[in-house]
Structures are given as structure tokens and as C-alpha cells.
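Structure provided below as C-alpha cells; questions to follow.
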Amino acid sequence: MTTSNGVDDEKRATLRRFAALGAASPLAGLSESAAADTGESDARDAIAGYLSTTPGAHFSKIRDDLQLGTGETQHHLRRLEELEVIERYRDGDYKRFVPAGRFDEFEKQVLGYLRRETPRGMLIELLRNPAATGGDLAAVLDVSPPTVSKYAGELEDEGLLSREDGYAVERPETVLVLVVRHADSFGDAARQLARNADQYLTYNG
């Protein structure tokens with residue numbers, strides 16, 4: 001039998017915390033009504049709530065953070081897609097998920113790269129310091145220059161970065177808004193940027 005400090009209780013607390021966010025969503029009624037007869041509302045609302053705070057999360061992260069089983073996660077994600085509460089998109093080897101109708105294709109690509117440690121660090125540092133060079137980025141992020149160059153090439157190919165004259169974030173205000181809005185899900189550097197966001201709101205590019 002699971003004790004009050006057991007895994008099941010921890011899982012229920014996690015689901016309830018994110019379900020409260022999901023229940024506040026304008027689309028919550030779709031999830032709740034579909035799950036009412038099967039008692040699955042908490043799990044579905046938890047996924048909806050989780051994705052409202054962590055858009056662009058991939059399957060494994062959703063499953064692990066919400067402490068759900070693989071089959072359980074697949075089932076609920078599929079049903080939420082059918083109800084048009086969430087949508088999925090392909091990002092390389094990942095299947096990522098966002099609330100439906102909230103993000104355009106550029107924003108989805110940005111979210112995917114913000115979910116990866118080194119590209120996220122590069123984008124955040126370039127928002128803070130648009131004059132940063134490849135060497136500067138490597139030093140700040142404690143990675144090799146070839147690693148910076150590799151990800152810079154990927155970001156350029158996806159239309160997120162220009163390398164015509166140094167490194168420049170494309171649509172920087174859009175990227176900044178995404179970082180600030182979901183800073184808690186991106187870590188300390190994003191939270192620090194968010195605290196000082198008013199310094200970076202005006203761009204000439």
C-alpha cells in the first residue's frame with residue numbers, strides 16, 4: 001500500500017498542480033467533458049496546464065515531469081489532439097507539443113530551440129548582448145567554438161539567426177517575448193533576462 005509520502009501521492013500532487021492551470025484554460029471544457037465519464041480529467045487537464053507553461057515540450061519530458069506512464073501519456077496526448085486542445089509538430093527527432101492555435105511556425109521553431117540547452121543559451125545571450133561574437137558565446141556557455149558554430153548554422157537554417165554581419169537574432173522581440181513569458185520553464189538565465197526585459201524591448205533590426 002502506498003504511504004502518504006509515496007510515489008502515487010507525489011504523482012497526484014503534481015497532476016493536481018498542473019490540472020489547476022489546465023482547468024483555467026479557455027479550452028478546459030473540451031478536456032473535462034470528454035474525460036468526465038472515465039475519470040481521466042485530472043490527467044488531461046494536467047497535460048493542458050503543463051503545456052500552457054512549458055510549450056514546446058517533447059513527449060518524454062511531458063511523461064516524466066507529470067510522472068505518467070508511456071501508454072497513459074500517449075493516450076491523453078492523442079485525445080487532446082483530437083479535441084484540438086493541443087497540437088504537435090516535428091522538430092528533428094522530437095515530437096513537440098503546444099496549446100492549439102497559440103503559436104505560428106516561427107514561434108514553434110523558436111520554442112524547440114529554447115528547449116535545448118546550448119541553443120537556448122546562445123539566443124538568450126544574443127538578446128542580452130547583440131554584439132556577442134562566437135568566441136563570446138563559447139566563453140559564456142562554456143562550450144567549444146565549433147559547438148557554437150554548429151548550432152549557429154542550425155539556427156540560421158531555421159531562420160532564427162542571421163550570420164551576415166556577426167550573429168543577429170531574427171525577430172528578436174518575438175523571441176524575447178517567448179523567453180520572458182515562459183521564463184520559469186527555461187531556467188535561471190531566462191529568469192534573469194525576464195527580470196530585466198524592459199532593457200531589451202526596443203530593437204532596430
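What ranking do 93-103, 54-64 get when scored by the average of other Cβ atoms within 10 Å per residue, highest first?
Result, highest mean first: 54-64, 93-103.
Moving on to the next point. Quick check: from the Cα gyration tensor, does the stretch 101-205 come out rounded (a/c under 1.5), prolate or oblate?
Rounded shape, in that the Cα axes give a/c under 1.5.
Ranked by accessible surface with a 1.4 Å probe, highest first, in what order do 85, 143 come?
Heavy-atom accessible area, descending, gives 143, 85.
How much length is gained if the chain between residue 184 and residue 128 is pulled fully straight, taking 0.36 nm per residue apart and subtracting their Cα-Cα distance, in nm to one decimal?
Answer, rounded to one decimal: 18.4 nm.
Here's a follow-up. Can you tell me the accessible area per residue over the stretch 73-205, all protein chains present, probe 1.4 angstrom, in square angstrom?
With the other protein chains kept in place, the stretch 73-205 gives 53 Å² per residue.
For residue 161, enumerate residues with amide H under 5 Å from its amide H, sequence gap 5+ or separate chain, H modeled in the peptide plane.
Answer set, sorted by chain and number: 156, 170.
In nm, what is the difference between 0.36 nm times the number of residues separating residue 154 and residue 105 and their Cα-Cα distance?
16.0 nm
Round to the nearest 10 and report in Å² the accessible area of residue 81, as given by a 1.4 Å probe over the protein chains' heavy atoms.
50 Å²
Share of the stretch 96-151's accessible area from carbon and sulfur, percent, 1.4 Å?
Using a 1.4 Å probe with all protein chains present, the stretch 96-151 comes out at 49 percent carbon and sulfur.
Oh, and also: State, to one decimal in nm, how far the label point of residue 196 lies from the label point of residue 67, with both points 7 Å from Cα in the Cβ direction.
Between residue 196 and residue 67, the label points sit 3.7 nm apart.
Still on this structure: Report the calculated FRET efficiency for residue 82 and residue 59 (r = Cβ-Cβ distance, R0 = 25 Å), to the nearest 0.05.
For R0 = 25 Å, the calculated efficiency reads 0.90.
Now a separate question. For all pairs of alpha-carbon atoms in the stretch 48-128, what percent lies in each bin of width 5 Å, listed from the first bin to the last filled one?
Calculated P(r), rounded to whole percents: 3, 15, 25, 25, 17, 9, 4, 2, 0.
The values are calculated or read from the model by the stated rules, or taken from the named source; none is laboratory data. None of the values given here were measured: they were computed from a predicted structure. Because the Cβ atoms are built from the backbone with ideal geometry, glycine has one as well, and the counts that use them run over all protein chains shown. For the accessible areas, the whole protein counts, side chains as well, though only heavy atoms, and no ligand, DNA or RNA atoms are used. Shrake-Rupley method; radii C 1.70, N 1.55, O 1.52, S 1.80 Å.
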